[in-house]
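FYI, it's all coordinate maths here, none of it is from the lab. Keep in mind the model is a prediction, meaning the values are calculated, not measured. All Cβ positions, glycine included, derive from the backbone under ideal geometry; neighbour counts span all protein chains shown.
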Amino acid sequence: MSKYDNLRLSALVLALAAVLGAGCARPDIRSGMARLDGAYIPALSLTSEGDTARSKAALAVLSVEWHEFRRRHGRWAKADTEWQPDLSRAETMIQRAVLLADADSLARAHDELEPVRTVMMKLRRRNGIDYFLDYLTEFHPPMEALVSAGKSRLPESLNPGALDSLKTEYALAASAWNRVESAGLDRWRYELNQQQRAEAEAHIKAESEALGRLGDAFAARDRAAVLKAAATLKPEFAALYKMFGDYARLR
């Protein structure tokens, strides 16, 4: 065999190895998760808003997307012994939500869906999968605690201990939001066009400003201002989070 033939054979072997390697490569997990969240977010938000017909439609889409996600990525992290159990937990929550929505119990369906994003966040972080929406999920609990207090408490009920307790929640929320700002937006994973990206960045800026006002109120120990500012934290966050849902599939 000539030197030329040897070179041709080597090139063919390398090309075949590349093709086989591509065929054996794991599917892209982040784009699969982004598509799944595109179905999950409408189901989560619409069950909260009490829209029965659209909630059922969103849950039907979510069920299809969930089974497709598990088919494609169910064995993605073979070394993680909790991967399959976590997916099973999330699946059970989704199935229960579907049954509750069918019984017109949307509030309970929403409560079943709510922990799904936390299960998925922990699953991703355990496996080193950096994912922008997880930063929003991390921010959600302390933000909700502040909003709830802002909407339900009176200034005179905030004694020094209660004010300090809320300030602890604020510190958690501010720290989590700093991570949102630092994480930045990944246009490819979430298929945001330039206009949507600008809109998302505007929501992030507005939420940062709302947190800044709350921080100023805590610094002044102005109880009325604390509650007023705390009550305003959710709209910009919710608008940002909903941007990653695929509502067009419900039309």
- Message: Please list log₁₀ I(q)/I(0) at q = 0.18, 0.21, 0.24 Å⁻¹ for the stretch 132-242, using the Debye equation with identical point scatterers on the alpha-carbon positions.
- Response: -0.82, -1.05, -1.30
- Note on the structure: In Å, the Kirkwood estimate of hydrodynamic radius for the chain over Cα pairs equals 20.6 Å
- Residues D80 and A248, FRET efficiency given R0 of 30 Å [Cβ-Cβ distance, rounded to 0.05]: 0.35
- Query: What net charge do the residues around S48 carry, taking every other residue with its C-beta under 10 Å from that of S48, with Lys and Arg at +1 and Asp and Glu at -1?
  - Reply: -4
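Taking the Cβ of each residue in S182, S48, S148 as the centre, tally the other Cβ atoms inside 10 Å and list the residues starting with the fewest.
S182, S148, S48
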- Message: As a footprinting exposure proxy, order D86, D37 by other Cβ within 10 Å, with the fewest listed first.
- Response: D86, D37
- Message: Give me P(r) over the stretch 29-128, computed from all C-alpha to C-alpha distances, binned every 5 Å, as integer percentages.
- Response: 2, 14, 26, 25, 16, 10, 5, 1, 0
- Helix axis angle, 132-152 relative to the chain longest principal axis, alpha carbon, degrees: 10 degrees
- Of V147, G32, A183, farthest towards positive along the dipole that unit charges on Lys, Arg, Asp, Glu beta carbons give the chain: G32
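What ranking do H140, H110 get, fewest neighbouring Cβ atoms within 10 angstrom at the top? Please list the in-between numbers first.
Working: H140 18, H110 21.
Final ranking by Cβ density, sparse to dense: H140, H110.
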- Message: Given Cβ point charges of +1 (Lys, Arg) and -1 (Asp, Glu) and nothing else, what value in debye, to the nearest 20, does the dipole of the stretch 66-218 about its Cα centre take?
- Response: 580 debye
